[in-house]
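Just below is one structure, and these are the notes that go with it.
The values are calculated or read from the model by the stated rules, or taken from the named source; none is laboratory data. This one's a predicted model, so the numbers in the text were calculated from it and none came from an experiment. In this analysis, Cβ positions are derived from the backbone assuming ideal geometry, glycine residues included, and neighbour counts consider all displayed protein chains. Just the protein is used for accessible areas: all its heavy atoms, side chains included, with ligands, DNA and RNA removed. Shrake-Rupley method; radii C 1.70, N 1.55, O 1.52, S 1.80 Å.
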Amino acid sequence: MRDPRLQQFARNLVRYSVDLQPGENILIEMIGLRDQELTKCLIEEVYAAGGHPFIEFRYPEVTRKLMLGGNQELYERMAAIELNRMKQMQAYIAVRSGDNITETSDVPEDKLRLFMKVYQRPVVDQRVNHTKWCVMRYPNPSMAQQANTSTEAFEDFYFQVCNLDYSKMSGAMDSLVELMNKTDKVRLVGPGTDLSFSIKDIPAIKCAGQNNIPDGEVFTAPVKDSVNGVISYNTPTIYMGTSFENVTLRFDNGKIVEATANNTAKLNEILDTDDGARFVGEFAIGVNPYIQQPMKDILFDEKIDGSIHFTPGNAYTDADNGNRSSVHWDMVLIQRPEYGGGEIYFDDRLIRKDGRFVVPELEKLNPEHLK
């Protein structure tokens, strides 16, 4: 018997997240998913909305083999084919699963960079900038293990997080968007962190269930050369299959001039990918009330209640500071008391302390009001 939460989830994705309209084409990519019940639900919901579903199955272990033997000519041909298809899509849903989050950790760095730059980046740019898109993870035993919980308990958590009332969250975010759009100087303070930058004239964008599931962030970007100081992240982060902890970045006029972690050499290799990788493309504030602790999955971790993420690499075109890179690495700092606390200041006004908003116009974004 089909889990009714699954059908509701599929309906939310098709009707709310990408708002599929009659006659529209939608590409549905199922990445690493072994159980196809959700695929069937999505197809049913697309047909019910009057759309045209196109289905693609991908598996991380197969992608790893492509990376190990691929070359620029192959990736250029693959990108041309994928771009042609993506240009015919009005909407896109990606459901990502997989048994091993570090599947590509042994792919040489030069091969990873080539795959990302020549194949992935052109297709991602087309999808992000020209389709209604939504990307999500899907629960499996591997994800439950990362979250230090049972598979059943993680599934319950997943559907609680993913099926919450995102329209309510969206309304609560409007005041934060308005405030960020009026703000020039931002300062982040906490253990090992004292960072200042400007967000003047760069739009703030609310994320409430359209592009990611789970969701719950408002993002913008720093003025490219305005970042100065140091930030110490307290959340583990995985990038292209490698796990990093205790990442600390020091900035001088926008550029990362010093970077350390448990794997400092690998960290700096990634930050040397291209000229834009040592500048920041995103600053975001996380507010999802159900996500309280990191699980080494960025689609969850960047939405953690009481967190921020500050992202080396490419900027989004809808909150653009001009930075371009094949890297976009969301690194998360949690500022709730159990993680060391911290403050956010907008134009020298304290707006969040220890993970809780402390100004009246933002109090409805505190967790008790979003559940």
| request: Could you list all residues from segment 107-132 that are open to solvent by 30 Å² or more (accessible area, probe 1.4 Å) and closer than 25 Å to F300 by Cβ? | output: Q120, R121, V124, D125, V128, N129, K132
| A277 passes all but one of (1) free of Cβ contacts under 8 Å to residues at least 24 places away in the same chain; (2) of a type in the set (G, A, S); (3) in contact with a helix residue (DSSP H, G or I) (Cβ under 8 Å, 6 or more places away or on another chain); which number fails? | (1)
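Are any residues in segment 200-236 under 16 Å from K255 (Cα atoms) and in a loop (DSSP other than H, G, I, E, B), and if so, which ones?
Filtering segment 200-236 down to residues under 16 Å from K255 (Cα atoms) leaves 221-232.
Listed by number, the residues that qualify are A221, P222, V223, K224, D225, S226, V227.
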| said: Can you tell me which residue is nearest to L195 (Cα to Cα) among those in segment 265-294 that are open to solvent by 10 Å² or more (accessible area, probe 1.4 Å) and hydrophobic (A, V, I, L, M, F, W, C)? | reply: F279
| remark: By residue number, the members of segment 1-53 that are of a type in the set (V, I, T), more than 24 Å from the chain's Cα centre (by Cα) and under 24 Å from C207 (Cα atoms) are V46
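Can you name every residue in segment 29-41 that is within 18 Å of R2 (Cβ to Cβ) and either open to solvent by 70 Å² or more (accessible area, probe 1.4 Å) or assigned to a strand (DSSP E or B) (or both)? If you could, list the steps in order and put the result at the bottom.
Of segment 29-41, the ones within 18 Å of R2 (Cβ to Cβ) are 30, 33-41.
The answer is M30, R34, D35, K40.
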| task | Give segment 323-337 a look and list any residue that's assigned to a loop (DSSP other than H, G, I, E, B), farther than 24 Å from Y119 by Cβ and touching a Leu at 6+ places or on another chain (Cβ under 9 Å), or say none. | result | M331, Q335
| In segment 42-66, what residues are at pLDDT 95 or above, of a type outside the set (D, E, K, R) and either buried (at least 17 other Cβ atoms within 10 Å of the Cβ) or over 14 Å from G32 (Cα atoms) (or both)? | L42, I43, V46, Y47, A48, A49, G50, G51, H52, P53, F54
